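Notes follow the structure.
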Amino acid sequence: MSSPLRLGRFSIGIGDRFAHQAQAQLQALVEIGRLGFAVTPVWNKSNREHTIIGSEPASTRAAADAAVAALGWNGGYFLDADHIRLETVGRFLTPCDFFTIDVADSIGQASAPEAVEAFVARYPELVGEVRIPGIPEPFQISRAQIEAVSAKYLAATAEAGRIYRHILASKGAGMFVTEVSMDETDLPQTPPELLVILVALADEGVPVQTIAPKFTGRFNKGVDYVGDIAQFEREFNDDLAVIDHAIARYGLPSDLKLSVHSGSDKFSIYGPIRLALQRTGAGVHLKTAGTTWLEEVIGLAEAGGDGLELAKEIYRDALAQREALCAPYAAVIDIDPNRLPAALEVDGWTSARFVAALRHVPSDPGFNPSFRQLIHVGFKVAAKMGPRYLSSLERHREVVSRNVTANLLERHLKPLLVG
Ligand SMILES: [Zn+2]
């Protein structure tokens, strides 16, 4: 396979919904760099986000290039066409150099029995006792199991191949980073399933560099991980071993690594991830998006005056449209309506009270995860405000930037990498 552009060991997806925070985000990477950790920035924005906001991928490119120039950033940086499919990739082809090929919807779609049979025949080593260096107990996989897993995933990996070749025809070999995502589905993928998926991607000739499985537990938007941390840690470590094995045995790119989606704000698993990376020398891609939008609202609220008023208006409108705003995100939020304060109550809040409810400091008695998640999905409200929202961001640029940078640096990069 060709040798594609390199992401480096550590990279972070920094979604910037309104294309106003690229410089503040990049500042966090400058600062973690000074602590000895080179982290590659990847500006990601999904087709869903562009559609809700009414923006074009080219605007993300312009904002990223401007931030890189302003800070004199010398390292690599990428633009991620996040969660694209064959029918949506078109407008991302020119501005983007990182493609997250989303094939979750093809999981479980029927494959021809001959295709399954031929796949299993090409990889007989997947049947029986499969020993993977780094995993204490070998997998015991029967032929029926491997056929069932192949039947479940082969349509998805074939679709990944089709989309990859479509991008390849436009961009050229080695000119972009390929991620394959399967996270937006119901059931987590086990390490043996990940092995089959990687073998099938290699079989399709997809030089996958980051793979986003669905991990065990809940990765709700903008709040901490909910689930069995010990089980997550085992699974994450086993996945790392599977990846090493797949690189060595199936010729996948040597820098293939895990991508953790909805990776922002998952404070309770950053420790286990950091330990696994330190132990193995593996890398990771941590994808974040809405956490930066929330820092914009926090910054406006902290600014007081008209900034605070606008933040309250965003909450009021989001509360009024709660069901419609939550619908597209139903699988990835857990809002308790009884914990949402009335708009009238919030109208009386001080800056400090509003900021405490929204800022992700779980130990703060004022923190309200339901309030935070509602505003997380409420960016459509700000998008509808249009220039009124954007000019407020510009007026309060300093306080907003300070919050955006500190959030990525202190609550994300440091716990993930430094400890
Ligand atoms: Zn995702």
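The values are calculated or read from the model by the stated rules, or taken from the named source; none is laboratory data. Quantities reported herein were computed from a predicted structural model and do not represent experimental measurements. Using ideal geometry, Cβ is built from the backbone for each residue, glycine included, and neighbour counts are taken over all protein chains shown.
Structure notes:
- Residue within region 122-142 that is crowded, with 18+ Cβ neighbours inside 10 Å, in contact with a strand residue (DSSP E or B) (Cβ under 9 Å, 6 or more places away or on another chain) and within 24 Å of GLY13 (Cα to Cα) present: no
- Residue in region 130-138 that is within 16 Å of the ligand (Cβ to nearest atom), in the same structural domain as ASN44 (by TED's automatic domain parsing) and of a type in the set (Gly, Ala, Ser) present: no
- Just one of (1) outside any helix (DSSP H, G or I); (2) without any contact (Cβ under 8 Å) to a residue 24 or more places away in the chain; (3) not small (Gly, Ala, Ser) fails for THR94. It is (2).
Per-residue answers, yes or no, for (1) under 18 Å from the mean Cα position of the chain (by Cα); (2) not in a loop (DSSP other than H, G, I, E, B):
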{"residue": "GLY205", "(1), (2)": "no, no"}
{"residue": "VAL208", "(1), (2)": "yes, no"}
{"residue": "ILE211", "(1), (2)": "yes, yes"}
{"residue": "THR216", "(1), (2)": "yes, no"}
{"residue": "ASN220", "(1), (2)": "yes, no"}
{"residue": "ASP224", "(1), (2)": "yes, no"}
{"residue": "GLN231", "(1), (2)": "no, yes"}
{"residue": "ARG234", "(1), (2)": "no, yes"}
{"residue": "ALA241", "(1), (2)": "no, yes"}
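- Of the listed requirements (1) at pLDDT 95 or above; (2) of a type in the set (Ser, Thr, Tyr); (3) within 16 Å of the ligand (Cβ to nearest atom), TYR329 misses just one: (1).
- Unmet criterion (only one of (1) away from the ligand (no atom under 16 Å from the Cβ); (2) over 17 Å from THR88 (Cβ atoms)) for VAL177: (1)
- Qualifying residues in region 150-163 (those that are touching a Leu at 6+ places or on another chain (Cβ under 9 Å) and not charged (D, E, K, R)) - the one farthest from THR100 (Cα to Cα): SER150
- Tally of residues being in a loop (DSSP other than H, G, I, E, B) and either of a type outside the set (Val, Ile, Thr) or not assigned by TED's automatic domain parsing to the domain that holds PHE367 (or both) across region 287-345: 8
- Residue selected from region 34-55 under the condition within 16 Å of the ligand (Cβ to nearest atom) and of a type in the set (A, V, I, L, M), by the criterion modelled with the lowest pLDDT: ILE52
- Residues within region 180-205 that are crowded, with 24+ Cβ neighbours inside 10 Å, away from the ligand (no atom under 16 Å from the Cβ) and closer than 19 Å to ILE84 by Cα, tallied: 1
- Qualifying residue in region 116-128 (condition: touching a residue at least 60 places away in the same chain (Cβ under 8 Å), out of contact with any His (no Cβ under 6 Å at 6 or more places or on another chain) and within 16 Å of the ligand (Cβ to nearest atom)): no
- Boolean, ASP65 is within 16 Å of the ligand (Cβ to nearest atom) and either under 19 Å from the mean Cα position of the chain (by Cα) or not polar (S, T, N, Q) (or both): no
- Within region 247-256, not a single residue is surrounded by 20 or more Cβ atoms within 10 Å (Cβ to Cβ), under 19 Å from the mean Cα position of the chain (by Cα) and within 16 Å of the ligand (Cβ to nearest atom).
- Candidates ALA67, ALA58, ALA81, ALA62 - the one that is buried (at least 20 other Cβ atoms within 10 Å of the Cβ), more than 25 Å from MET182 (Cβ to Cβ) and either at pLDDT below 95 or not charged (D, E, K, R) (or both): ALA67
- Given (1) in contact with a helix residue (DSSP H, G or I) (Cβ under 7 Å, 6 or more places away or on another chain); (2) within 15 Å of the ligand (Cβ to nearest atom), number of the condition LYS214 does not satisfy: (1)
- Candidates LEU26, LEU7: the one that is assigned to a loop (DSSP other than H, G, I, E, B), surrounded by 20 or more Cβ atoms within 10 Å (Cβ to Cβ) and in contact with a Phe, Trp or Tyr (Cβ under 8 Å, 6 or more places away or on another chain) is LEU7.
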